[in-house]
Amino acid sequence: MQIEKATVKTHEVVGGDYRELVLNAPRTAGSAVPGQFVHLRVPRLDGSVLRRPFSIYRARDGVISILYKTVGRGTEAMVAIGGGDTLDLIGPLGNGFPAELAGETPLLVAGGYGVAPLSFLASVMDVRGTIFIGGASARDILCVGDFESMGWTVRITTDDGSVGEQGLVTLALDRWLAEHPEAKPVLYACGPDGMLHAVGQRAVAAEHTAWLSMDKHMGCGVGACLACVQRIRGEDGSESWKRVCRDGPVFDAATVVWE
Amino acid sequence: MQIEKATVKTHEVVGGDYRELVLNAPRTAGSAVPGQFVHLRVPRLDGSVLRRPFSIYRARDGVISILYKTVGRGTEAMVAIGGGDTLDLIGPLGNGFPAELAGETPLLVAGGYGVAPLSFLASVMDVRGTIFIGGASARDILCVGDFESMGWTVRITTDDGSVGEQGLVTLALDRWLAEHPEAKPVLYACGPDGMLHAVGQRAVAAEHTAWLSMDKHMGCGVGACLACVQRIRGEDGSESWKRVCRDGPVFDAATVVWE
Amino acid sequence: MSKHVQPPSLVTTLAGIAMDNPVMVASGTFGYGPEYADLVDLNRLGAIVVKGICLEAWNGNNIPRMIEVRGGLINAIGLQGPGVDGFVETYMPFLRQFDTPVIVNIWGRDEAEYEEVAARFDDVDGIAGLELNISCPNVKEGGIAFGTDLTMASDLIGRVRKRTSLPLIPKLAPNVPQVGLFARAAEEAGADAISLINTLPAMVIDIETRRPVLANRVGGLSGPAIHPVAVKQVWEAAQAVSIPVIGMGGIETAADAIEFMIAGASAVAVGTANFTDPTTVVRVIDGMADYLVRHDMATVGELVGSICE
Amino acid sequence: MSKHVQPPSLVTTLAGIAMDNPVMVASGTFGYGPEYADLVDLNRLGAIVVKGICLEAWNGNNIPRMIEVRGGLINAIGLQGPGVDGFVETYMPFLRQFDTPVIVNIWGRDEAEYEEVAARFDDVDGIAGLELNISCPNVKEGGIAFGTDLTMASDLIGRVRKRTSLPLIPKLAPNVPQVGLFARAAEEAGADAISLINTLPAMVIDIETRRPVLANRVGGLSGPAIHPVAVKQVWEAAQAVSIPVIGMGGIETAADAIEFMIAGASAVAVGTANFTDPTTVVRVIDGMADYLVRHDMATVGELVGSICE
Ligand SMILES: Cc1cc2nc3c(=O)[nH]c(=O)nc-3n(C[C@H](O)[C@H](O)[C@H](O)COP(=O)(O)OP(=O)(O)OC[C@H]3O[C@@H](n4cnc5c(N)ncnc54)[C@H](O)[C@@H]3O)c2cc1C
Ligand SMILES: Cc1cc2nc3c(=O)[nH]c(=O)nc-3n(C[C@H](O)[C@H](O)[C@H](O)COP(=O)(O)OP(=O)(O)OC[C@H]3O[C@@H](n4cnc5c(N)ncnc54)[C@H](O)[C@@H]3O)c2cc1C
Ligand SMILES: Cc1cc2nc3c(=O)[nH]c(=O)nc-3n(C[C@H](O)[C@H](O)[C@H](O)COP(=O)(O)O)c2cc1C
Ligand SMILES: Cc1cc2nc3c(=O)[nH]c(=O)nc-3n(C[C@H](O)[C@H](O)[C@H](O)COP(=O)(O)O)c2cc1C
Ligand code: FES
Ligand code: FES
């Protein structure tokens, strides 16, 4: 973890409200593992006191990239980031997905920009598996090419059926699980809370391991402010708040306490 | 007075920390008189609630321009104003210099960006006179060409002697007054408080008319908030606060009460 | 699709004052009316609240009186004003031309003066109500001393109540730990409505000269910086009373105003944002109407106190 | 040219605590030390004030606990913490590695608990002082109720004073009309120093759902938005007492910190700005040294209370 001043390499629309921001950040790139994130100070966002967290999408050769969706003040201000900007980021942050990729076959489940860390994860895995990508409509389905080129099977669902199958991502996942009753998959999911909950429930019911990357509003990003907490059940069964930024963002689904 | 959305025509450095911003603002341009100002909302100055007042430097053919010096947060943010910006301004504001240009010969006295309204004034006057321009150093002496091309006599003073005579602008003014004991000049001054005070004192002592354009921190710019007040002596001798933005910015030196 | 084919109604009656909409301008930020008349259609405003008036013409504080800070400004105007007679002669003929209710913000240097000022407006034609400023941080006499002491506030409001038949709207100070107590005291003392918040006492020191920037040293902070503090105070005050509450503090957008109404305000006032953008009031009114349509509300009253807890 | 060839001294002794410089980190914004240790050299800090600690491990509030607003943020963490034993076991071994004084911010659900917590730290090695949090807006029990009632504040401080030999620094609430009274009450009750301001009670409502954004509904506003309010409160408090004052609220730059010192603070604390830019504390320390050189001051003490009025 360090503060790094990163220069902008490229910054492009990848479709709809999504953009990829590629940064020269050798120190972050050198140590990042999939599932970790950077805490970015958005330039020219005067009057703003908080950074914005983004998963690391790629990290290689001194360069990292993030894939972001414009959803509010901060991400909208990011659109203006240009070649001349030097961005102040803290990273890499968080635990990342467990390095030991246990289990027979990896199943990745992504919602929206949740594909970003999963694409990074897929790129470091020795085995190939299936990625389920869900979104509201065709515009929200990203990185399909990433996975295909790495030899992964891609299953797409959209709420409006504009691409892939119509329905929630769990529809496709459920079918896979039904079709492979003997499989011992390990699940890796990143996306909105509702999706994580649904994936986690299925995994816990079927006694599969599932790693969920949680998305909580953050203050410091380093574990100091206790803003980003998630209720987690300890080994002794007691519940306590864990910090998504430092103890997570990746948690074992079996330990997550849902409201 | 109106709110006008002005597009940027040009925006150029005119020397040192001074820039000229030229705006398409037909409604303001159509009614502005010398000594009036515009109240500008500085774009991208997030977290800022106040506009910034600037004298109208030129107004002709649907176009106005202002000449500004970068001195703080707002004026520094103005540097980034570019061709694509639409600026929100209120103008023209204030009383302006009196239209009736009484007296034998006009003497203009300018400090720093104070030349801006005086250049505009000179351009509408039928007679020619002398302009005294003072500044800290050569970089602060602006618009000399404006006046020369209109046939005015220009007297320059700088604190460091880097151009013109070394000393305060009042040095040159005093000499002029001494050399023309019989003259009945009318003075028009715009610049820092200290300069206005000195010019005002001389005029009052010599019983010359002097119009001073005051520079006070402003809130609303239209007379509503009572932030920009100047102590003024009324005809009956009683003193009261007048609003520089609405009752001024130009006041008769004989009525100004100095602290 | 909306159930209501009619455009939503913004009509508001507050303390007996009938207003086309609940969006007013805050005292001290809109002069006495004429100042903004070229820029804003005064007939669109819910009400005009004029700058604080006391008995005689009052000079206010020395300059500098205002300074911009991050997210707002600090003012220490010190209630400069023309006094009752000056105001009535100079500005009332102008204000009577409009359909917009005129609320006069009043203050006094002591209780007797407050009473006297209030009484003087009783027979002035065209005054819709009195806002009683007991919360100005910028004057030595009167002002905030009354608004931060429960007994003094209650006593003052009770006395003024006896001297005026106009709707009486005490304006509460924000810098108290339990604003609900002040709200209730105002109600019990006979107020018809309350308004809040006034500015927060604040200060800026120039580190080069080591002097306070404002001549008065201390001033009042207004603007977006204080908005969430204001929402909290309005929410607390509205829970404490059954008379209507006027919410203000940092409104720049319709959303800011709607937040106050959801918290319990029956009306709102736009202050500092008039300086930033004189069209704010009109934008807020229009944005509020749009919101009602989008949320399928027939009247703005449905919004008031609609917070889900 | 400077008279002083030596670099200026920032050394500060506050309530008997010897610090290399007067710039601390504010409670709750810097965790317990390790969180920022990769990013900030802890040995550079004037002091570390850790997150509020009570007797037993405490869960704090539900989420959401934080929201950004214009010019700041509102938090309602609700004092989640590991309790005295958890803190001492987990964090003190780490903290003892540094030369930087450790000040523990403590609170209790009632007076007895406050006393008990304070007493427990008396024989813990490596604790330089106790900051007594009587001003947290985010817990039902304890917290701000003590900090906004003079009698309760005075009584509580007096009781805790009897139970600890460590330097005792009550942290005052900002939302009172006359903070000088609280400052003086703290001094009379035996405080060695006071610190202020804590966050300002504030609230945000989501206008689409009409629900308060924070689970706790109300939270505390911090950041640049509150800076001028804090300067005013620190100035008033410093005039009221002869014990040292620690100023905080919205510090982002050395200039913000220097403003507090000119107003009368002997030390300052950086809070929210740690999140924005973890190098803030170091920038403030360096900027303060530069300022002293530029203004020909040999020691930072010359700055304290140097306001020209
Ligand atoms: C570990 C982690 C990884 C993330 N990775 C990505 C990514 O790869 N790509 C991407 O597009 N987004 C990602 N997000 C979400 C991203 O941080 C938010 O979309 C962003 O902060 C929104 O900021 P805003 O100012 O545009 O929105 P606003 O709603 O205006 O923000 C207001 C405040 O809420 C916070 N906030 C709003 N939405 C979220 C959210 N969903 N999660 C966390 N904080 C939020 C903001 O940080 C800010 O403090 C991630 C979030 C986390 C916690
Ligand atoms: C009637 C009038 C005409 C002016 N004409 C010109 C002009 O033609 N060219 C030019 O360069 N400047 C002019 N000024 C001054 C100009 O308004 C200030 O330089 C500018 O507001 C500084 O803003 P800032 O944010 O950069 O400075 P900051 O010091 O950061 O501003 C902080 C606050 O102080 C106010 N302020 C600071 N300095 C001044 C000042 N000298 N006068 C008024 N308010 C100030 C700002 O408006 C702002 O509200 C004029 C001022 C007035 C009142
Ligand atoms: C320049 C200025 C002058 C003010 N004068 C008065 C006044 O005379 N009487 C009063 O009750 N409030 C006065 N106020 C307070 C406002 O009416 C309002 O309560 C406060 O500014 C908060 O709203 P805002 O954040 O929208 O400005 C004044 C505020 C400002 C900024
Ligand atoms: C997230 C957060 C947590 C805080 N926790 C505490 C706390 O536990 N105890 C305390 O006394 N103050 C706490 N505070 C208040 C700060 O210490 C400080 O007084 C306040 O934030 C003002 O300073 P700032 O504007 O620099 O943040 C907290 C503030 C924030 C933002
Ligand atoms: S964001 Fe501060 S603890 Fe996680
Ligand atoms: S700036 Fe508001 S009255 Fe002049």
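The test for being part of a loop (DSSP other than H, G, I, E, B), hydrophobic (A, V, I, L, M, F, W, C), closer than 20 Å to B:Pro249 by Cβ and not assigned by TED's automatic domain parsing to the domain that holds B:Arg51 does not hold for B:Leu118. Scanning segment D:66-81 finds no residues that are under 17 Å from D:Asp99 (Cα atoms) and either hydroxyl-bearing (Ser, Thr, Tyr) or crowded, with 22+ Cβ neighbours inside 10 Å (or both). For segment B:209-249, the tally of residues that are crowded, with 19+ Cβ neighbours inside 10 Å and away from ligand 6 (no atom under 16 Å from the Cβ) stands at 3. Selection of segment C:70-89 for residues being within 14 Å of chain D (Cβ to nearest Cβ) and over 21 Å from the mean Cα position of the chain (by Cα) yields only C:Arg70. Of all residues in segment D:16-61, those that are surrounded by fewer than 18 Cβ atoms within 10 Å (Cβ to Cβ) and either part of a strand (DSSP E or B) or charged (D, E, K, R) (or both) total 5.
Would you check if there is a residue in segment C:89-98 being in a strand (DSSP E or B), crowded, with 19+ Cβ neighbours inside 10 Å and modelled with pLDDT of 95 or more? Taking every residue of segment C:89-98 in turn, none turns out to be in a strand (DSSP E or B), crowded, with 19+ Cβ neighbours inside 10 Å and modelled with pLDDT of 95 or more.
Could we say that A:Tyr68 is away from chain B (no Cβ under 14 Å) and in contact (Cβ under 8 Å) with a residue 60 or more places away in the chain here? Here the answer is no, as A:Tyr68 does not meet what is asked.
Of the conditions (1) modelled with pLDDT of 95 or more; (2) in contact with a Ser or Thr (Cβ under 9 Å, 6 or more places away or on another chain), C:Ala202 clears all except one; give me its number. Here C:Ala202 meets the rest and fails (2).
No other residue among A:Asp236, A:Asp247 is at pLDDT below 95 and more than 16 Å from ligand 2 (Cβ to nearest atom) apart from A:Asp236. Counting only residues that are closer than 30 Å to A:Arg175 by Cα and within 8 Å of ligand 1 (Cβ to nearest atom), which one in segment A:92-117 is surrounded by the fewest Cβ atoms within 10 Å (Cβ to Cβ)? Checking each candidate, the answer is A:Gly112. Number of residues in segment D:236-252 that are within 10 Å of another protein chain (Cβ to nearest Cβ) and either more than 16 Å from the chain's Cα centre (by Cα) or closer than 22 Å to C:Gln233 by Cβ (or both) equals 2.
Filtering segment D:205-216 to residues that are in contact (Cβ under 8 Å) with a residue 24 or more places away in the chain and either crowded, with 24+ Cβ neighbours inside 10 Å or not aliphatic (A, V, I, L, M) (or both) leaves D:Leu214, D:Asn216. If we scan segment B:92-103, do we find a residue that is in contact with a Lys or Arg (Cβ under 6 Å, 6 or more places away or on another chain) and more than 22 Å from B:Met218 (Cβ to Cβ)? Within segment B:92-103, one or more residues are in contact with a Lys or Arg (Cβ under 6 Å, 6 or more places away or on another chain) and more than 22 Å from B:Met218 (Cβ to Cβ).
Quick one: in segment A:40-65, which of the residues that are at pLDDT below 95 and in contact with a Leu (Cβ under 8 Å, 6 or more places away or on another chain) is nearest to the other protein chains (Cβ to nearest Cβ)? My answer is A:Asp46. Within segment D:280-309, the set of residues being within 11 Å of chain C (Cβ to nearest Cβ), of a type in the set (Ser, Thr, Tyr) and either crowded, with 18+ Cβ neighbours inside 10 Å or within 20 Å of D:Met19 (Cα to Cα) (or both) comprises D:Tyr291 only.
Look at A:Leu196 and say whether it is crowded, with 18+ Cβ neighbours inside 10 Å, away from ligand 3 (no atom under 16 Å from the Cβ), over 20 Å from the mean Cα position of the chain (by Cα) and modelled with pLDDT of 95 or more. No, not satisfied.
Being within 14 Å of chain D (Cβ to nearest Cβ) and either free of Cβ contacts under 8 Å to residues at least 12 places away in the same chain or hydrophobic (A, V, I, L, M, F, W, C) (or both) holds for only one residue in C:Met66, C:Met92, and it is C:Met66. Scan segment A:104-112 and give yes if some residue there is away from ligand 3 (no atom under 16 Å from the Cβ), without any contact (Cβ under 8 Å) to a residue 60 or more places away in the chain and assigned to a strand (DSSP E or B), otherwise no. Within segment A:104-112 (the criterion being away from ligand 3 (no atom under 16 Å from the Cβ), without any contact (Cβ under 8 Å) to a residue 60 or more places away in the chain and assigned to a strand (DSSP E or B)), the answer is no, since none of the residues qualifies.
Residue-wise test of (1) more than 16 Å from ligand 5 (Cβ to nearest atom); (2) part of a helix (DSSP H, G or I); (3) in contact (Cβ under 8 Å) with a residue 12 or more places away in the chain.
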| residue | (1), (2), (3) |
| --- | --- |
| B:Ala183 | yes, no, yes |
| B:Val186 | yes, no, yes |
| B:Met195 | yes, yes, yes |
| B:Ala205 | yes, yes, no |
| B:Ala210 | yes, no, yes |
| B:Gly221 | yes, no, yes |
| B:Cys225 | yes, no, no |
| B:Trp258 | yes, no, yes |
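The residues listed here are C:Asn105, C:Asn43; of these, the one that is more than 14 Å from chain D (Cβ to nearest Cβ), away from ligand 3 (no atom under 14 Å from the Cβ), within 19 Å of the chain's Cα centre (by Cα) and at pLDDT 95 or above is C:Asn43. In the set D:Val204, D:Val270, only one residue is within 8 Å of chain C (Cβ to nearest Cβ) and closer than 26 Å to C:Pro228 by Cβ; that residue is D:Val204.
The values are calculated or read from the model by the stated rules, or taken from the named source; none is laboratory data. No experiment lies behind these values; they were computed from the predicted model shown. Note: ideal-geometry Cβ built from the backbone for every residue, glycine included; neighbour counts use all protein chains shown.
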